[in-house]
1. Within segment B:113-124, can you find the residues that are open to solvent by 40 Å² or more (accessible area, probe 1.4 Å), part of a helix (DSSP H, G or I) and of a type outside the set (A, V, I, L, M, F, W, C)?
2. Which condition number does residue A:66 fail, the rest of (1) touching an Asp or Glu at 6+ places or on another chain (Cβ under 7 Å); (2) more than 13 Å from every other protein chain (Cβ to nearest Cβ); (3) aliphatic (A, V, I, L, M) being met?
3. Filter the helices (runs of 4 or more DSSP H) completely within segment A:173-286 down to those with at least 3 residues that are among the hydroxyl-bearing types (Ser, Thr, Tyr).
4. Among the residues in segment B:97-104, are any buried (at least 16 other Cβ atoms within 10 Å of the Cβ), touching a Phe, Trp or Tyr at 6+ places or on another chain (Cβ under 8 Å) and either within 14 Å of chain A (Cβ to nearest Cβ) or more than 20 Å from residue B:16 (Cβ to Cβ) (or both)?
5. Please determine, by comparing only the residues of segment A:21-36 that are of a type in the set (A, V, I, L, M, F, W, C) and within 14 Å of chain B (Cβ to nearest Cβ), which one is surrounded by the fewest Cβ atoms within 10 Å (Cβ to Cβ).
6. Checking residue B:83 against (1) in a helix (DSSP H, G or I); (2) hydrophobic (A, V, I, L, M, F, W, C); (3) surrounded by 15 or more Cβ atoms within 10 Å (Cβ to Cβ), only one condition comes out false. Which one?
7. Can you tell me which of B:127, B:91, B:141 is within 14 Å of chain A (Cβ to nearest Cβ) and assigned to a helix (DSSP H, G or I)?
8. Against the conditions (1) open to solvent by 50 Å² or more (accessible area, probe 1.4 Å); (2) within 16 Å of the chain's Cα centre (by Cα); (3) closer than 30 Å to residue A:11 by Cα, where does residue A:224 fall short? Just the number, please.
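The values are calculated or read from the model by the stated rules, or taken from the named source; none is laboratory data. These numbers come from a predicted model, not from an experiment. So basically every Cβ, Gly included, is an ideal-geometry build from the backbone, and we count neighbours across all protein chains shown. Accessible surface is based on the protein model in full, side chains and every heavy atom, while ligands, DNA and RNA are left aside. Shrake-Rupley method; radii C 1.70, N 1.55, O 1.52, S 1.80 Å.
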Amino acid sequence: MKKRNVFKRKRDIDYTYAVARVRANEHSLLTAQDVEQLILAEDYNAVMRRLSDAGWGEFDGTTDYASYLENYFAKTWDLLNEIMDDIHELDFLLIKNDAQNLKGALKGIVSQHDTEGLYSKSTVYDTKAIVAAVEEREFDELPEFMIEPAKEAYEVLTSTANGQLADAIIDKATLEEISKLGKAAKNSKLTERMVATANIKAAVRCAKTNKTREFMERSLSECDTLSKEKLIETALEGPEAVLTYLESTNYKEAVEKIKESTSAFEKWCDDILMECVMEAKYTAFGIAPLIAYYIARDAEIKTVRIILSAKINNLSTDLIRERVRTLYV
Amino acid sequence: MLQSIGGLTIAIFGAAFAAILSGMGSSKGVGIVGQAAAGVITEDPSKFGKVLILQILPGTQGLYGFLAAFLIMNNMSPDMTVMQGLGYFAAGLPIAVTGFYSALWQARVAASGCSVVAKNPDQSGKAIIFAAMVETYAVLALLITILLIGKVA
């Protein structure tokens, strides 16, 4: 697949029109008060009705909120696609969806299940081309960063049927690509946090499930603010050792959250990304407000998903409040 | 060498610089704010009036440059000395240079102001004031240019 020249340097005023469009659209982002009203809503239907009133799309009584939210989120990508000269500057935000599709395609051919309809629509590369390359076992036709991990994952799936390891191999390659794209686009602070939090999650999970060194070597990626070697060494000793190591890094706040609960840690991971883009609220030029808008919509969707899921499962309002993400507005 | 060029030609250069540089600054400035304004009205056409004021602001420097060039032209004569020509050239410089830079910086403030209009339309007056502050220095430069032209004449 042809490699794109994504990062031709631009001046900050080249984004003036796009930033103004995004600013006007920030009006429709949910505020803390809106979220509180959703939390206090009587039930799932009441939440959906409120969302519908707020312009999220017509509520037809469906309980399939995943596709409802995906359709709404697709509008964000459509807007960014429309207003940016080169949408590939935001590839680092989206490439995880391509990786997800690659995983689906690989599992599809190995298990011989039809995976049509399971693929994410918002992607950097053409999903049909990725699926076709996998189905034909023509891995060299895949985007460059996927070629080796796809071959490796395919071999793992066919020889050992270890889906977890196959996923970890692709995740690792994706994180390395995100890091590379972030550095090239001068967004390394944000991508570094994305990679570091993913590494922390993976290390803690590996420690809890007693994974081998080889598994960890193949699933953790290199990053600047965490030592891969130390994460592996401590994960082999156990979860406590990982937390002790994290205490000495920039991510010591994660320790408390991990001890608290998985959902608290997941929330913290999203919140530190939001914190990273928050200053873009006061920036009138450059790409930062566009990235911030994407992250803001992403956090908004996650918050709504949590509320809807909680309403279906009759969780208390306090539990929902603990889980909602920090919002951009 | 200056003698061979002549005072009139030097004065013409002075007038041309005043008009060209401030005009360049203004055209770029109005263009930048225009993009931001277009972004805002794509989403909400009712804000046209507010963003139009912001777009006009960086355009004034071009007008000041035109005025300075016009005044220099009014004082030109074929028998001007080289010193007079140099005097007019120097008189045109304040509005030429300050006009160019102030238009660009004013455009940045005005484009930021468009974001204020987009998010908080009721605060648009403040955004206009911020952009208008930059105008002070273009006005001061024009004033000096006019006083200098008066002195040379």
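1. First, the residues of segment B:113-124 that are open to solvent by 40 Å² or more (accessible area, probe 1.4 Å): B:116, B:119-120, B:122-123.
Next cut, part of a helix (DSSP H, G or I) only: B:116, B:119, B:122-123.
B:119, B:122, B:123 - these are the residues of segment B:113-124 that are open to solvent by 40 Å² or more (accessible area, probe 1.4 Å), part of a helix (DSSP H, G or I) and of a type outside the set (A, V, I, L, M, F, W, C).
2. With (1) touching an Asp or Glu at 6+ places or on another chain (Cβ under 7 Å); (2) more than 13 Å from every other protein chain (Cβ to nearest Cβ); (3) aliphatic (A, V, I, L, M) applied to residue A:66, the lone miss is (1).
3. Working: elements: A:188-208, A:213-219, A:228-237, A:239-247, A:252-260, A:262-277.
In segment A:173-286, A:188-208 are the helices (runs of 4 or more DSSP H) which contain 3 or more residues that are among the hydroxyl-bearing types (Ser, Thr, Tyr).
4. Kept after step one, since they are buried (at least 16 other Cβ atoms within 10 Å of the Cβ), are these residues of segment B:97-104: B:97-104.
Of the ones still in play, those that are also touching a Phe, Trp or Tyr at 6+ places or on another chain (Cβ under 8 Å) are B:98-99, B:102.
So of that shortlist, the ones also either within 14 Å of chain A (Cβ to nearest Cβ) or more than 20 Å from residue B:16 (Cβ to Cβ) (or both) come out as none.
Looking for residues that are buried (at least 16 other Cβ atoms within 10 Å of the Cβ), touching a Phe, Trp or Tyr at 6+ places or on another chain (Cβ under 8 Å) and either within 14 Å of chain A (Cβ to nearest Cβ) or more than 20 Å from residue B:16 (Cβ to Cβ) (or both), one finds none in segment B:97-104, hence no.
5. Narrowing segment A:21-36 to residues of a type in the set (A, V, I, L, M, F, W, C): A:22, A:24, A:29-30, A:32, A:35.
Among the residues that remain, those that are also within 14 Å of chain B (Cβ to nearest Cβ) are: A:22, A:24, A:29.
Numbers: A:22: 27, A:24: 21, A:29: 15.
Among those that are of a type in the set (A, V, I, L, M, F, W, C) and within 14 Å of chain B (Cβ to nearest Cβ), it is A:29.
6. (3) is the only condition that residue B:83 fails.
7. Values: B:91 fails: within 14 Å of chain A (Cβ to nearest Cβ); B:141 fails: within 14 Å of chain A (Cβ to nearest Cβ).
On inspection, the qualifying residue turns out to be B:127.
8. Checking residue A:224 against (1) open to solvent by 50 Å² or more (accessible area, probe 1.4 Å); (2) within 16 Å of the chain's Cα centre (by Cα); (3) closer than 30 Å to residue A:11 by Cα, the one that fails is (2).
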